[in-house]
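Throughout, read-outs are computed from the coordinates displayed, never taken from laboratory work. All figures in this text were calculated on a predicted structure; none of them were measured in a lab. We place every Cβ from the backbone using ideal geometry, glycine too, and count neighbours over all the protein chains shown.
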Amino acid sequence: MIDQRPTGAAPAVRAVAEALPLPDDAVDAALAVFAVHHWRDPIAGLAEMRRVARRQVVVTWHPGMFSDRFWFVRDYLPQVAAHEAALATLDTVTRQLQATAIVALPVPADCTDGFFGAYWSRPHAYLDSGVRAAISALALLDQDEVAAAVSRLAADLASGRCGARYHDLLDLVELDLGYRLVLAG
């Protein structure tokens with residue numbers, strides 16, 4: 001990504017969240033989008049965000065809400081909930097950053113990004129191995145379990161059972177799956 005930046009763009013540095021090469025209060029804001037759960041030490045990374053930036057902005061999710069509201073997790077891959085229980089998500093972020101606001105981020109039905117819940121209204125996308133490989137929650141699970149879930153989903157899509165089961169979602173323009181914007185500082 002750094003190589004794609006235009007000439008004259010603001011400086012960019014490569015670093016890890018837990019050791020940002022910046023002085024205290026060096027920047028106006030620090031941003032982490034679906035990243036904190038991948039950090040080696042989320043508590044240290046969030047402390048670094050507080051140290052270097054006057055404001056912190058994090059996009060994360062509420063795992064209980066996600067597993068309850070997202071049909072693919074709830075009905076096909078409940079193993080996701082067990083895996084995410086150990087991750088640094090909304091509770092960790094809000095505790096460590098002393099959040100001043102938490103804003104719901106409903107996912108539009110036509111969302112073009114590739115995060116896990118982006119295809120909630122287009123279930124055929126989850127049949128694509130390329131789509132699944134780009135979603136860390138799926139890529140990090142036991143692939144036999146993912147394959148079994150995808151096989152069940154494919155059968156339900158082919159039979160029409162999926163459409164009948166989730167008909168109430170068809171008219172929605174967005175769905176709150178528990179994704180949250182956390183503001184602090």
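I'd like the residue in region 65-84 that is touching a residue at least 60 places away in the same chain (Cβ under 8 Å) and touching a Phe, Trp or Tyr at 6+ places or on another chain (Cβ under 7 Å) and, out of all such residues, is nearest to Ala147 (Cα to Cα).
In this case the residue turns out to be Phe72.
Name every residue in region 109-131 that is under 20 Å from Val33 (Cβ atoms) and of a type in the set (Lys, Arg), in order of residue number.
Hits for region 109-131: nothing passes.
Hey, any hits in region 16-30 for a residue that's surrounded by 14 or more Cβ atoms within 10 Å (Cβ to Cβ), closer than 30 Å to Asp142 by Cβ and out of contact with any strand residue (DSSP E or B) (no Cβ under 9 Å at 6 or more places or on another chain)?
Within region 16-30 (the criterion being surrounded by 14 or more Cβ atoms within 10 Å (Cβ to Cβ), closer than 30 Å to Asp142 by Cβ and out of contact with any strand residue (DSSP E or B) (no Cβ under 9 Å at 6 or more places or on another chain)), the answer is yes, since at least one residue qualifies.
Please tell me if His62 is within 13 Å of the chain's Cα centre (by Cα), buried (at least 16 other Cβ atoms within 10 Å of the Cβ), touching a residue at least 24 places away in the same chain (Cβ under 8 Å) and under 30 Å from Arg165 (Cα atoms).
Working: within 13 Å of the chain's Cα centre (by Cα): yes; buried (at least 16 other Cβ atoms within 10 Å of the Cβ): yes; touching a residue at least 24 places away in the same chain (Cβ under 8 Å): yes; under 30 Å from Arg165 (Cα atoms): yes.
Yes.
Being part of a helix (DSSP H, G or I) and either loosely packed, with under 14 Cβ neighbours inside 10 Å or under 12 Å from the mean Cα position of the chain (by Cα) (or both) is the filter here; which residues of region 70-84 pass it? Talk me through it step by step, then tell me what you get.
We begin by selecting, within region 70-84, every residue part of a helix (DSSP H, G or I); these are 71-75, 79-84.
Listed by number, the residues that qualify are Ala82, Glu84.
Which ones in region 3-54 are of a type outside the set (Gly, Ala, Ser), under 22 Å from the mean Cα position of the chain (by Cα) and in a helix (DSSP H, G or I)?
Within region 3-54, Val36, His37, His38, Pro42, Ile43, Leu46, Glu48, Met49, Arg50 qualify.
Condition check ((1) surrounded by 13 or more Cβ atoms within 10 Å (Cβ to Cβ); (2) basic (Lys, Arg); (3) over 30 Å from Asp41 (Cα atoms)) across all residues:
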residue	(1), (2), (3)
Val93	yes, no, no
Ile102	yes, no, no
Trp120	yes, no, yes
Gly160	no, no, yes
Val182	yes, no, no
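In this structure, is Val107 β-branched (Val, Ile, Thr) and within 15 Å of the chain's Cα centre (by Cα)?
The answer is yes for Val107.
Considering only region 108-185, give the helices (runs of 4 or more DSSP H) lying wholly within it that have at least 2 residues that are over 27 Å from Gln96 (Cβ atoms) and either touching a Ser or Thr at 6+ places or on another chain (Cβ under 8 Å) or touching a residue at least 24 places away in the same chain (Cβ under 8 Å) (or both).
It comes to 143-159, 161-165.
Looking at Gln4, Gln79, can you tell me which residue is polar (S, T, N, Q) and farther than 24 Å from Arg165 by Cβ?
Working: Gln79 fails: farther than 24 Å from Arg165 by Cβ.
Only one candidate qualifies: Gln4.
What's the number of the condition Ser67 fails, among (1) part of a strand (DSSP E or B); (2) within 21 Å of the chain's Cα centre (by Cα); (3) not hydrophobic (A, V, I, L, M, F, W, C)?
Unmet condition: (1).
Identify all residues within region 85-107 that are part of a loop (DSSP other than H, G, I, E, B), of a type in the set (A, V, I, L, M) and in contact (Cβ under 8 Å) with a residue 60 or more places away in the chain; write none if there are none.
Correct list: Leu105 only.
What are the pairs, 6+ residues apart or on separate chains, where a residue within region 2-13 that is closer than 12 Å to Val27 by Cβ has its Cβ under 7 Å from a residue that is surrounded by 10 or more Cβ atoms within 10 Å (Cβ to Cβ) and polar (S, T, N, Q)?
Sorted first by the residue in region 2-13, then by its partner, the list stays empty.
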